[in-house]
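The values are calculated or read from the model by the stated rules, or taken from the named source; none is laboratory data. Predicted model, so just to flag it, every value in this text is computed and none were measured. With ideal geometry, Cβ positions are generated from the backbone for all residues, glycine too; neighbour counts draw on all protein chains shown. When the accessible area is computed, the model is the full protein with side chains, heavy atoms only, and any ligands, DNA or RNA have been set aside. Shrake-Rupley method; radii C 1.70, N 1.55, O 1.52, S 1.80 Å.
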Amino acid sequence: MKLVFAGTPEVAVPALDALIASGRHEVAAVVTRPDAPAGRGRRLVASPVAERAEEAGIEVLKPARPRDEAFLARLREIAPDCCPVVAYGALLPRTALDIPARGWVNLHFSLLPAWRGAAPVQHAVMAGDEVTGASTFLIEEGLDSGPVYGVLTEEVRPTDTSGDLLTRLAFAGAGLLAATMDGIEDGTLHAVPQPAEGITLAPKISVEDAQVQWAAPALRVDRVVRACTPAPGAWTLFRGERLKLIQAVPAVDRSHLAPGELSAAKNNVFVGTGSHAIELLWVQPQGKKPMRAADWARGVRIVPGELLGS
């Protein structure tokens with residue numbers, strides 16, 4: 001088939017690579033979000049997908065909106081058979097959905113209909129799911145509601161951050177998407193409607209959602225920190241400034257600390273929760289680089305009984 005691939009962040013690159021490497025289909029063009037400001041200088045930078053496509057000599061389309069007529073006209077000229085999608089980042093209008101003969105097929109990082117939305121992996125970690133996965137489905141105008149072509153499962157490990165889990169799913173899902181294209185092309189794969197039961201939603205995790213609530217049990221705090229790593233980053237307040245929590249582990253043998261209460265030893269920093277404590281391993285003070293929590297604690301000279309979150 002002639003394909004136009006749509007995707008933007010680094011997590012979409014393995015799928016693009018798999019389609020290029022398959023040799024069975026032609027990736028005629030790539031659709032991605034426009035260049036965005038990045039770094040201290042805020043200079044415009046192309047998306048990871050755009051950079052990879054340019055390296056491979058593939059035409060790159062960067063519409064400000066996918067309903068722009070110039071973009072739609074170019075897509076009609078290319079006349080793709082199918083448009084595989086991974087984390088493109090914009091809603092596709094009906095005028096775009098109708099162009100490829102076999103539709104737009106999305107690789108979504110959950111076992112649909114669970115975790116429909118922008119942040120399925122973060123919500124799976126935050127909810128304590130033991131198993132998640134990826135699904136390929138035909139895009140409709142509803143939110144991740146289209147019929148499903150294929151799925152794969154992936155264990156959520158006890159120490160997984162959303163970044164860890166998403167990396168594994170990106171590479172496993174790349175194979176699933178390539179296999180889905182093959183099955184659509186040869187007619188051996190047919191989309192099956194999603195069940196009406198088991199629908200859960202996964203909206204984008206906001207900075208406010210990532211603030212740690214120390215009165216919650218340690219298990220919940222641990223999940224929030226892992227779910228929000230690397231983005232948007234779990235955080236709390238210390239002496240009126242934000243402190244980012246990069247890595248922490250439950251400390252089940254310590255239960256005497258009040259919620260948010262700090263206890264620092266030579267090589268360890270513990271914080272009380274609504275159950276037992278957690279141990280901070282890596283933190284990032286406001287305006288500084290990430291550092292070991294023990295080094296941070298020595299530098300700020302924690303006062304006995306001092307609290308996080310106050």
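Express in whole angstrom the spacing between the alpha-carbon centres of the range 202-240 and the range 270-291. Centre-to-centre (Cα) distance: 11 Å. Protein heavy-atom accessible surface, 1.4 Å probe, per residue over the range 165-271: 50 Å². How far apart, in nanometres, would the label points at residue 78 and residue 182 be if each is projected 7 angstrom from Cα along the Cα-to-Cβ direction? In this crude spin-label approximation the distance works out to 2.4 nm.
Counting only protein heavy atoms, what percent of the accessible surface of the range 54-137 is carbon or sulfur at a 1.4 Å probe? The computed percentage sits at 50.
Under the 0.36 nm per residue contour assumption, what length would be gained going from the current alpha-carbon distance of residue 22 and residue 51 to full extension?
Values: separation 29, 0.36 × 29 = 10.44 nm, distance 1.96 nm.
This chain segment gains 8.5 nm when fully extended.
Scanning the chain for long hydrophobic helices, with DSSP H runs required to stretch 18 angstrom or more by C-alpha along their axis and to average at least 1.0 on the Kyte-Doolittle scale, returns nothing. The calculated FRET efficiency for residue 69 paired with residue 204, based on their beta-carbon distance and R0 = 25 Å, is about 0.30.
Stretching residue 152 away from residue 265 to a fully extended chain increases their span by 36.2 nm, per 0.36 nm per residue minus the current alpha-carbon distance.
Site pair residue 38 and residue 306 shows an inter-label distance of 3.6 nm when each label is modelled 7 Å from Cα along Cα→Cβ. Computed with a 1.4 Å probe over protein heavy atoms only, the accessible surface of the range 1-80 comes to 50 Å² per residue. What Kirkwood radius, in Å to one decimal, follows from the Cα pairs of the chain? Evaluated over the chain, this radius sits at 21.2 Å.
Under 21 Å between C-alpha atoms is the cut-off here; go through the chain and count lysine pairs that meet it, provided they're at least eight residues apart or on different chains.
On the way: 2/62; 204/244; 244/266; 244/288; 244/289; 266/289.
Here the count comes out as 6.
Using heavy atoms of the protein chains and a probe of 1.4 Å, the accessible area assigned to residue 51 is about 90 Å². What is the range 36-78 by shape, rounded, prolate or oblate, if you read a ≥ b ≥ c off the alpha carbon gyration tensor as root eigenvalues and call it rounded for a/c under 1.5, prolate for a/b larger than b/c, and oblate otherwise? Cα axes put the range 36-78 in the oblate bin.
Give, in nm to one decimal, the length gained when the segment between residue 239 and residue 159 is fully stretched (0.36 nm per residue of separation minus the Cα-Cα distance). Write down the numbers at each step before the final one.
Values: separation 80, 0.36 × 80 = 28.80 nm, distance 2.90 nm.
Once the chain is fully extended between residue 239 and residue 159, it gains 25.9 nm.
Dipole check for the chain: with +1 at the C-beta of Lys and Arg, -1 at the C-beta of Asp and Glu, and the Cα centre as origin, the magnitude is about 1340 Debye.
Working from label points 7 Å from Cα in the Cα-to-Cβ sense, the residue 286 to residue 102 distance is 5.3 nm.
The range 1-111 gives an Rg/Rh value of 0.96, both radii derived from C-alpha positions and Rh following Kirkwood.
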